[in-house]
1. Looking only at the stretch 191-225, count every residue that is modelled with pLDDT of 65 or more and part of a loop (DSSP other than H, G, I, E, B) and tell me the total.
2. Just checking, does the stretch 114-126 include any residue being over 30 Å from Thr48 (Cα atoms) and surrounded by 13 or more Cβ atoms within 10 Å (Cβ to Cβ)?
3. May I ask you to say which residue of Thr76, Thr68, Thr104, Thr81 is in contact with a Leu (Cβ under 9 Å, 6 or more places away or on another chain), polar (S, T, N, Q) and closer than 27 Å to Thr28 by Cβ?
4. Using the structure shown, decide if Thr59 is without any contact (Cβ under 8 Å) to a residue 24 or more places away in the chain, part of a loop (DSSP other than H, G, I, E, B) and of a type outside the set (Lys, Arg).
Amino acid sequence: PHNTTHYRDHSTVEPSAVLLVSWLRDATFWKSEIRRTTGLDLTKAIHTNRFTFLDLLTTPTQDYQNLTKRLIDAITTLRMTRPTSKLILLLDSPDIALATSSLTSQSLSTLLLTVRSQVHCTILSCSADLPLLSAATQSTESWPTPIEVESAAFLASQAHSARMVMSVRELETGAAKDVSGVLRVTRGGGCEAFDHIDGDGSGEVREAELLYLVQRDGNVKVFIRGNQ
């Protein structure tokens, strides 16, 4: 038996390229907020073909075929300009499409499965408010609405296929002076499949429950309970 150590030359690693698709916010919002919180200049990233934004808020697409085409076309274009870069797909509020288009939870999940196969990794940001998830729990008080049923089905499907699930919620008692809410990181239902692909444990998900504080300037501080 012997140990083998692998070294990676990061100087030769091609920077990743990002495709951000948003159903809820326009390009102006993302440019200003990313610059304010991280200092990154998206204009420069766009000119070097490292960042592409697909606006589905001001130019929405209502049906499955056209939405699939727009996403695949954007991925293909970015891949052609950055052929050696790992492509990261960010989807902001895709669940909005369940309420604003003819898409169902099944068709939206199928669409995401298609586009995920074309990129290195996919990050979804979805609403998980209790009213939208009530259909996933048994209740005799009232019948869930169609949007509740579709939202619950979509979120459950994505959580079961995800490598990692990160949830953010406010305190049940309301925001305190030093704490705004709880940030929880858990293994998704598809985590074991990804562990099998990695093989070396480098992508292991470390589950944790942290606290966060939204400060006056809009920045967010994350800390371990008791260690603010």
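1. Adding up the residues that qualify gives 11.
2. no
3. Details: Thr76 fails: in contact with a Leu (Cβ under 9 Å, 6 or more places away or on another chain); Thr104 fails: closer than 27 Å to Thr28 by Cβ; Thr81 fails: in contact with a Leu (Cβ under 9 Å, 6 or more places away or on another chain).
Of Thr76, Thr68, Thr104, Thr81, the one residue that is in contact with a Leu (Cβ under 9 Å, 6 or more places away or on another chain), polar (S, T, N, Q) and closer than 27 Å to Thr28 by Cβ is Thr68.
4. Numbers: without any contact (Cβ under 8 Å) to a residue 24 or more places away in the chain: yes; part of a loop (DSSP other than H, G, I, E, B): yes; of a type outside the set (Lys, Arg): yes.
For Thr59, the condition - without any contact (Cβ under 8 Å) to a residue 24 or more places away in the chain, part of a loop (DSSP other than H, G, I, E, B) and of a type outside the set (Lys, Arg) - is met.
The values are calculated or read from the model by the stated rules, or taken from the named source; none is laboratory data. On a predicted model such as this, the values are computed, not experimentally measured, just so you know. We place every Cβ from the backbone using ideal geometry, glycine too, and count neighbours over all the protein chains shown.
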